[in-house]
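A.B. asks: Shown below is the structure under consideration.
The values are calculated or read from the model by the stated rules, or taken from the named source; none is laboratory data. Keep in mind that this is a model prediction, so the values were computed, not measured. Cβ coordinates were reconstructed from backbone atoms using ideal geometry, including for glycine residues, and neighbour counts include every protein chain displayed.
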Amino acid sequence: MALSCGRIAYDDQPKKNAVAELQDRFDASMWNYNATSVDIFVRGQQLKKAECFLRAANIPYEVVIEDMQRAIDTENPSLEETELWENRNGHRMTWTAYHRLADIYDWMDYLAQTYPDLCSTKAIGKSVQGRELKVLRISNGNPANRAIWMDGGIHAREWISPATVTYIANELVEDWDNQPDHLRNVDWYVLPVHNPDGYEHSHQYDRLWRKNRGGLQYGPCAGVDLNRNYGYKWGGQGTSKQPCSEIFAGSGPFSEPESKAVSEFMQSSAADWKGFLTFHSYGQYILYPWGYDRVVPPDHADMKRVGDAAAEQMLQASGGSRYTVGPSGSTLYPAAGGSDDWARGALNIKYAYTVELRDTGRYGFVLPANQIKPTGDEAVAFVDIIAQEVAKL
């Protein structure tokens, strides 16, 4: 079924009210929004009606993706060549296509087997449907190392996120001997797919699925937004108590096994956590706490300084992609129960950032696979800056 993504001006309260009515009347869903605009999905049979509604409400808009199904169909190239890649490299990961969970986990095991003095894997828990949450640890074994957490795929449809996180880890490991000290003297903990059930569901059944696959006690409205399920300021602004909502926060803080597993692992670990980096899409933002409200932490100026430095290095790495830097709640919108707020508020991790990766809306969640490498190069540049700052602590 064809879908369309309309970019709508969203700069005053009457327009915001009209957008809310649009969602209710035409079964539209909000993809991404900030203070001045919003991207909306409208299913094909509702598109003309929705356009009439917007014109009547005097709301300017543009259709960004005319045929969503075509965009989905052309997003990911065939993986037929990955067997040859596996024969050459010992794994099927290519970073020229989006891979399923099995390929990602096999690649993690390959690194642990090939570089046993550097890499190891650990299942820190299981998902609602029993899939492992597998973490890759990259460490030179120095007991004085600081620790940085990286995760991706908390929202199922954001395929560029696991692809980017694995790209970063692969770049670190495969060129380890040439890495600078500020990257080598870190214990890296990498969770490429925070939401394995949702990720697989988005590959098999519904490309645009967001949540996990929990909450089945709520009937047809399966799923909890794991990035609203963390315990810091849970249930506040930007969340929903309605199970059918895409921002349903769950029945309580850490009600879902995926978020609970991460929180328990990080709290019980002896690691000296100094960085928490979670990768999402889309919009090209570098965000830091707080997300639960439009307030900033006491070290706001320092967080902005580091974010700006990272954005500049990312611009140089990619040859043109600009990332906006700011606190989540005011740069985008308040959203309580996020993992980055929890990392800062509960664990007191200094450098807690959310990175919203490419793009700014031309493709949105269905970013073509040929964008993986340039996006990955940007993210490597971001991580390099964070590691430099961690080394100073």
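A.B. asks: Within segment 252-301, work out how many residues are of a type in the set (Phe, Trp, Tyr) and under 22 Å from ASN32 (Cβ atoms).
C.D. replies: Summing the residues that are of a type in the set (Phe, Trp, Tyr) and under 22 Å from ASN32 (Cβ atoms) in segment 252-301 gives 6.
A.B. asks: How about segment 324-339: which of its residues are buried (at least 24 other Cβ atoms within 10 Å of the Cβ) and in contact with a strand residue (DSSP E or B) (Cβ under 6 Å, 6 or more places away or on another chain)?
C.D. replies: SER328, SER339
A.B. asks: Filter segment 319-328 for residues that are at pLDDT 95 or above and either not assigned by TED's automatic domain parsing to the domain that holds ALA301 or not polar (S, T, N, Q) (or both) and give the result. Quick ask: steps written out before the conclusion?
C.D. replies: Looking only at segment 319-328, we keep the residues that are at pLDDT 95 or above, and these are 322-328.
Result: ARG322, TYR323, VAL325, GLY326, PRO327.
A.B. asks: So which of SER259, SER255 ends up being modelled with pLDDT of 95 or more, farther than 30 Å from SER139 by Cα, among the polar types (S, T, N, Q) and in the same structural domain as GLY307 (by TED's automatic domain parsing)?
C.D. replies: Details: SER259 fails: farther than 30 Å from SER139 by Cα.
When all the criteria are applied, what remains is SER255.
A.B. asks: Related question: Residues of segment 217-263 being crowded, with 17+ Cβ neighbours inside 10 Å, in a helix (DSSP H, G or I) and hydroxyl-bearing (Ser, Thr, Tyr), which ones?
C.D. replies: SER259, SER263
A.B. asks: Say we look at segment 204-214 and pick out the residues that are at pLDDT below 95 and surrounded by fewer than 21 Cβ atoms within 10 Å (Cβ to Cβ); which of these is nearest to the chain's Cα centre (by Cα)?
C.D. replies: LEU208
A.B. asks: State the number of residues belonging to segment 13-34 that are surrounded by 19 or more Cβ atoms within 10 Å (Cβ to Cβ) and either free of Cβ contacts under 8 Å to residues at least 12 places away in the same chain or farther than 14 Å from ALA56 by Cβ (or both).
C.D. replies: The total comes to 3.
A.B. asks: If I ask for residues that are part of a loop (DSSP other than H, G, I, E, B) and either more than 20 Å from TRP31 (Cα to Cα) or of a type in the set (S, T, N, Q) (or both), which ones from segment 333-392 would you list?
C.D. replies: Passing the criteria: ALA346, LEU347, ASN348, ILE349, LYS350, THR360.
A.B. asks: If you go through segment 68-91 one residue at a time, do you hit one that is outside any helix (DSSP H, G or I), assigned by TED's automatic domain parsing to the domain that holds ARG294 and modelled with pLDDT of 95 or more?
C.D. replies: No - not one qualifying residue is present in segment 68-91.
A.B. asks: Output the residue which, of all residues in segment 312-332 that are in contact with a Lys or Arg (Cβ under 7 Å, 6 or more places away or on another chain) and either without any contact (Cβ under 8 Å) to a residue 40 or more places away in the chain or assigned to a helix (DSSP H, G or I) (or both), is nearest to LYS241 (Cα to Cα).
C.D. replies: The selected residue is GLY329.
A.B. asks: Here's another thing I want to ask about it. Closer than 30 Å to ALA270 by Cβ and of a type outside the set (Val, Ile, Thr): is that true of ALA301 in this structure?
C.D. replies: Answer is no for this residue.
A.B. asks: Could you tell me which numbered condition TRP290 fails, if it satisfies all but one of (1) buried (at least 22 other Cβ atoms within 10 Å of the Cβ); (2) not in a loop (DSSP other than H, G, I, E, B); (3) not acidic (Asp, Glu)?
C.D. replies: Unmet for TRP290, out of (1) buried (at least 22 other Cβ atoms within 10 Å of the Cβ); (2) not in a loop (DSSP other than H, G, I, E, B); (3) not acidic (Asp, Glu): (2).
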